[in-house]
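None of the figures in this text is laboratory data; all of them are computed from the coordinates on show. Here the structure is a predicted model, which means the values were calculated and not measured. Every residue, glycine as well, gets a Cβ built from its backbone with ideal geometry; the counts of neighbours run over all protein chains shown.
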Amino acid sequence: MEKFGGIRYNSRWDGSTWCILGLVAVCCVVPCFLDDGIWPTIVCLVMLAFVLVTFLSIYYRIDGDKLVVYSFFIPTAYPIDKIKEIKPTKSVLSSPATSLTHRLAITFTDRKILKSYMPLIISPVRQEEFIRHLRSINPEIKH
């Protein structure tokens, strides 16, 4: 696996992120009050840990001419010179983004990059800085 460096941008946590974690936590507390033994509680706590690790493992790096998206610690690199447009979105599509309300939709000039017509949806913190950084590498990006 290739090791990427560059500048790291964490995925943004907002109210929606905390609501999801709260919902999973509440579902984990319920088995504690039932008299079904310890196993349901252990399973629920493992689920909570899994959701938390999943959220913590989503982040982005700009490394040279590549945008690297980490999801569950697995990097996927995208060429910055193929980015056509970046625009805010409130799409709830499944994506490597922890926020549901502060998201960016990135479209590429070549459909083969994502193997889809759908945009790449991410939610970096410091969005304006993130966009400026990408545009400093590829000034052709529409915003």
**Study point:** Folded to 0 to 90 degrees: helix 127-137 orientation relative to the chain principal axis, Cα
**Key:** 40 degrees
**Study point:** Tensor-based shape of the range 85-143 (alpha-carbon gyration tensor, a/c under 1.5 rounded, otherwise prolate or oblate)
**Key:** oblate
Study note, to complete from the structure: Result for the chain, cysteines with no Cys Cβ partner under 4.7 Å, is Cys19, Cys27, Cys32
Study note, to complete from the structure: The helix 15-33 Cα axis meets the longest alpha-carbon principal axis of the chain at an angle in degrees, between 0 and 90 and rounded to 10, of 20 degrees
**Study point:** Backbone HN-Hα couplings from phi across the range 74-82 [Karplus 6.51/-1.76/1.60, Hz, Gly and Pro as x]
**Key:** 9, x, 10, 9, 10, x, 5, 5, 9
Point to revise | trypsin sites (Lys or Arg not before Pro) within the range 1-60: DSSP coil, no more than 11 neighbouring Cβ in 10 Å | key: Lys3
Review point. Of the lysine pairs in the chain, how many meet both conditions: Cα atoms under 18 Å apart, and a spacing of 8 or more in sequence or different chains?
Key: 13
Check your understanding: For Tyr78, which sequence-distant residues (separation of 5 or more, or a different chain) have an amide H within less than 5 Å of its own amide H, given hydrogens modelled in the peptide plane?
Key -> Leu67, Val68, Val69
